[in-house]
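The values are calculated or read from the model by the stated rules, or taken from the named source; none is laboratory data. In this text the structure is predicted, and so the values were computed from the model without any measurement. Here Cβ is always computed from backbone atoms with ideal geometry, including for glycine, and neighbour counts include all displayed protein chains. These accessible areas exclude ligands, DNA and RNA; they are computed on the full protein's heavy atoms, side chains included. Shrake-Rupley method; radii C 1.70, N 1.55, O 1.52, S 1.80 Å.
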Amino acid sequence: IAAVKAATEPIKGVYVLMHGETGDTVCHLHEGTKVRKLHSSRRDAFKSVNETPIAEVNPFTKKVTYLREVKSQDRSKIKEVVLNTNLEEKVALIKVYPGIDSEILKFYVDNGYKGIILEGTGLGHTPETFFEGIDYANENNVLVAMTTQTINGRVNMNVYSNGRELQAKGVIPCEDMLSEVAFVKLMHLLGNYEFKEAKELMSKNIAGEINESINLEC
């Protein structure tokens, strides 16, 4: 009921509506690029990360209470919906771990992958054992971008020498993008843009995936 009510609202975007708590009194409307399932079974498993939900929806009164400003849309002016299904499927998501070997990255490059999302540690790091593989990817025009394994916060590859060296090797920092969001974004960019433009757009906010107002605490 709450989802149907939210779908009738004059707002623009892609959203997820799920329980806001374990009961039925309130549901939360989350921005699609900022939501993650944080519990395997709780009814309120879906949470907005690095952002507040768009709105609260009461399934009994049908009342929608907006928690922050959103883009409105005059649906009477929409003439036709055009779907863009161009995606580069040769994109991988690699979780970084201690001692990770460059051969893993070389495997993806040698098998024709066009982009790699690294889920790095902390502010966006990999062990030095992975540097050779990153160089190999860069030499073969494979776009490599960095997210973080932490739930909250953002990548900042300027704090430590490791991050600065990774940037010098061409790794693109993904700010506070969720790893899975960065993965789909890279698929879209490589499927619709030339390599150079895709690389430039990776760190730019396109659909609310980057929250530039989140403070970085070091």
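Quick notes on this structure:
- Within segment 134-178, restricting attention to residues that are assigned to a helix (DSSP H, G or I) and without any contact (Cβ under 8 Å) to a residue 12 or more places away in the chain, the residue that is farthest from G124 (Cα to Cα) is E139.
- Scope segment 25-56; condition open to solvent by 60 Å² or more (accessible area, probe 1.4 Å) and either of a type in the set (D, E, K, R) or not in a loop (DSSP other than H, G, I, E, B) (or both); matching residues: K37, R42, R43, K47, E56
- Residue match in segment 169-189 (condition: basic (K, R), surrounded by fewer than 13 Cβ atoms within 10 Å (Cβ to Cβ) and either closer than 29 Å to K47 by Cα or within 11 Å of the chain's Cα centre (by Cα) (or both)): no
- When Q149 is tested against the conditions (1) surrounded by fewer than 16 Cβ atoms within 10 Å (Cβ to Cβ); (2) over 16 Å from the mean Cα position of the chain (by Cα), the lone failure is (2).
- Number of residues in segment 190-204 that are surrounded by 14 or more Cβ atoms within 10 Å (Cβ to Cβ) and of a type in the set (D, E, K, R): the value is 1.
- Any hit, segment 101-109, residues being within 28 Å of N192 (Cβ to Cβ), free of Cβ contacts under 8 Å to residues at least 12 places away in the same chain and either surrounded by fewer than 19 Cβ atoms within 10 Å (Cβ to Cβ) or not charged (D, E, K, R) (or both): yes
- In this entry, V159 is excluded by the filter for residues that are open to solvent by 30 Å² or more (accessible area, probe 1.4 Å), under 11 Å from the mean Cα position of the chain (by Cα) and modelled with pLDDT of 95 or more.
- Scanning segment 31-78 for residues that are among the small types (G, A, S) and under 21 Å from the mean Cα position of the chain (by Cα) returns G32, S40, A45, S48, A55.
- Segment 105-129, subset assigned to a helix (DSSP H, G or I) and under 27 Å from N152 (Cα atoms), residue nearest to the chain's Cα centre (by Cα): L105
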